[in-house]
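Enquirer: Handing you this structure, nothing more for now.
The values are calculated or read from the model by the stated rules, or taken from the named source; none is laboratory data. Everything numeric in this text was worked out from a predicted model, so none of it was measured. Don't worry about glycine lacking a Cβ; one is built from the backbone with ideal geometry, like all the others, and counts go over all protein chains shown. Side chains included, ligands, DNA and RNA excluded: accessible areas come from the protein's heavy atoms. Shrake-Rupley method; radii C 1.70, N 1.55, O 1.52, S 1.80 Å.
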Amino acid sequence: MKRAYIDLHCHPALKPYGKSFKYEPTKQNHLNAGRKNSIWHYSPPNFLERQVNKILTLTKFTQTDLSALAKANCQVVVISLYPFEKHFLKKRMLGFKFVSDILTNLAAGVSHSRIDNIRSHNSYFQDLKFEYDYYLQLDNFAQKIGDVTYTYRMTNSFSEVEENIAKSTDTRKIISLVPTIEGAHAFETGLLLDKNTGDEQTVLNNIEEVKNWGHKPLFITLAHHFYNEICGHARSINIGAIKDNQNRGLNTDITDLGFKVIDKLLDNTNNKRILIDVKHMSTAARKTYYHLLETQYANQNIPIIVSHGAVNGKRSIKEWDQKDAALSDQFSDIDINFYDAEILRIAKSKGIFGLQLDERRIGSKKAVKSSRIYMPNKKSRLRNKSELIWNQIQHCAEILNKNNLFCWETLAIGSDFDGIVNPIKGIWTSENLKDIEPYLVERADAYLKDPQQDLIPTNQISAQEIIDRVLFLNAETFLKTNFK
């Protein structure tokens, strides 16, 4: 059976868990897939929703509900638990709750009841545990889709993933979920916008508790959208009503508490290490973290992870305004994206880089505009849009090839579906990855046949293998090595 893809970063529960606050009792994962508070609730975009997304970037439909993942034949999914940050919300203005443009967007997906809950609760850590429990509620419960019975199972290791794949048949299939966390604010920091709230011992105790969960997270995205008292974050929001809320801690370094958090996460006592994902970290914090790996952790072979990212085409954090490749102008040169020197560093660490399927991140405005096609058929759109993804693959490959490394083993898919994304048009949900695959193979084949390419012999592999590596082989190898 043809394998589909492994997603290194997505949020299947964000919308249905958010919808669950509309019902009593709250926070319930309903087995009936017809209910919007079910993780199996299937709601692909209709024509109108696709047009609204193109105009307003509003993603009301679900992208990685478990039914969509089942239909996509996705056997392994790295899920991201995310305590939704309060600072997306403005304070009351003139006695009314102010809902920004971005929150209106999210309200379509998570419910106003969930927004009220985010505004009123006082514990990110408790919210994290509630979402974790939401997944556990239907763990290994059967769901019929057509003639096939599906279950999902939270996993503790790649050996469990392999067992689930081995047990799957044409009529009974298991989807393996690998847990991760997005944002170290989850350990109880950053609750207030204008002052620190984190207590060191509480934070470290919460990390210890998570390390002893029945399903320990594989990694955590250390930073996220707002200051978490652990490390600085990169700019990720440009909507005026919310943008100012990012200013505190923007572009700052790792804090004293942050060093202790990193030490606690990377402590491998009893094989309980939680790896660190550098997405969303400021360039200052990334630079310091890389130095830590080269010094304090030099002999521990810790891989660098970017769960959902894109390249920016510039040389390095230090030489942020220099570029070395013809493709550089095709990328969004913001510092939440990653520099060429970082791609090399990730590859040398045997890390992984998940490509984020978000038009705001994956291409420059010019590249995204040129990928548009008016009055298209589906094939023409996918062929055009495949260039945005292929440019990322080619650029990374050329960096690594230039350094005499095997250049096709570092990239994977980290869609960020059902997060706050503006999806690549035509790749609306997890089901559409299979639709764009042949066009990626087509581009890989054209590149390999181009007499201008300068790949060393070990990098002259088939076009199909290149794309299979990006879609599932590289992620599979990474999980086999690190998910134990």
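Enquirer: Holding the Cα-Cα limit at 30 Å, pick out from K318/K350; K15/K216; K216/K385; K54/K86; K378/K480 the pairs that are longer than that.
Expert: Values: K318/K350 23 Å; K15/K216 23 Å; K216/K385 36 Å; K54/K86 27 Å; K378/K480 36 Å.
In this structure, K216/K385; K378/K480 lie more than 30 Å apart at Cα.
Enquirer: Place a point 7 Å from Cα of K287 in the direction of its Cβ. Which residues in region 221-256 have their backbone N less than 13 Å from it?
Expert: Only 251-254 pass the distance filter.
Enquirer: Report, ordered by chain and residue number, the lysines lying within cross-link reach of K2, taken as a straight Cα distance under 19 Å and ignoring same-chain residues fewer than 8 apart.
Expert: K71, K167, K173, K434
Enquirer: Still on this structure, I have one more. Please report the relative contact order for the chain, taking Cα pairs under 8 Å with a sequence separation of at least 6, and give it as a percent rounded to a whole number.
Expert: The normalised contact order for the chain reaches 16 percent.
Enquirer: Could you report region 1-51's accessible area per residue, 1.4 Å probe, as an integer in Å²?
Expert: 45 Å²
Enquirer: Return the carbon/sulfur percentage of the accessible area of region 103-239, one whole number, probe 1.4 Å, all protein chains in place.
Expert: 47 percent
Enquirer: Ok, one more. Local charge sum around W40 (other residues, Cβ-Cβ under 13 Å, Lys/Arg +1, Asp/Glu -1)?
Expert: Numbers: positive: K15, K19, R35, K36, K71, K144; negative: D65, D139.
For residues surrounding W40, the net value is +4.
Enquirer: Work through the residues other than S307 whose Cβ is under 10 Å from its Cβ and net out their charges, Lys, Arg +1 and Asp, Glu -1.
Expert: -3
Enquirer: Cβ under 12 Å from H185's Cβ, H185 left aside: what net charge do those residues give with Lys, Arg +1 and Asp, Glu -1?
Expert: It works out to a net charge of -4.
Enquirer: Of the heavy-atom accessible surface of region 392-481 (probe 1.4 angstrom), what whole percent is carbon and sulfur?
Expert: The C+S portion of the solvent-accessible surface of region 392-481 is 49 percent.
Enquirer: Probe of 1.4 angstrom, ligands and nucleic acids ignored: what's the accessible area per residue over region 109-257, in square angstrom?
Expert: So region 109-257 comes to 39 Å² accessible per residue, rounded to a whole number.
Enquirer: Assign unit charges at the C-beta atoms only (+1 for Lys and Arg, -1 for Asp and Glu), then state the dipole size of the chain relative to its Cα centre in Debye, rounded to the nearest 20.
Expert: 1300 debye
Enquirer: Return the long-range amide H neighbours of H121 (sequence gap of 5 or more, or a different chain), with a cut-off of under 5 Å between placed amide H atoms.
Expert: Amide H neighbours of H121, under 5 Å, 5+ apart: none.
Enquirer: When a/c reaches 1.5 or more, the comparison of a/b and b/c decides; with that in mind, is region 244-302 rounded, prolate or oblate per its Cα gyration tensor? The partial results should precede the final answer.
Expert: Working: a/c = 2.44, a/b = 1.85, b/c = 1.32.
Prolate, because a/c is 1.5 or more and a/b exceeds b/c.
Enquirer: Using amide H atoms built 1.01 Å from N in the peptide plane, name the residues 5+ places from T221, or on other chains, whose amide H lies under 5 Å from its own.
Expert: The answer is I181, E182, G183, D277.
Enquirer: Let me ask something else about it. Using only helices, what value at 222 nm comes out for the chain when you add -39,500 (n - 2.57) per DSSP H run of length 4 or more and divide by the total residues, to the nearest 500 deg cm²/dmol?
Expert: Value at 222 nm, helices only: -11000 deg cm²/dmol.
Enquirer: Kindly identify the chain as rounded, prolate or oblate by the Cα gyration tensor criterion: order the square roots of the eigenvalues as a ≥ b ≥ c, call it rounded if a/c is under 1.5, otherwise compare a/b with b/c, prolate if a/b is larger, else oblate. Walk me through the intermediate numbers first.
Expert: Numbers: a/c = 1.27, a/b = 1.12, b/c = 1.13.
The shape class here is rounded.
Enquirer: Now, a different point. Shape call for region 169-322 from the C-alpha gyration tensor, a ≥ b ≥ c root eigenvalues: rounded (a/c under 1.5), prolate (a/b greater than b/c) or oblate?
Expert: On the way: a/c = 1.35, a/b = 1.27, b/c = 1.06.
Judged from the Cα gyration tensor, region 169-322 comes out rounded (a/c under 1.5).
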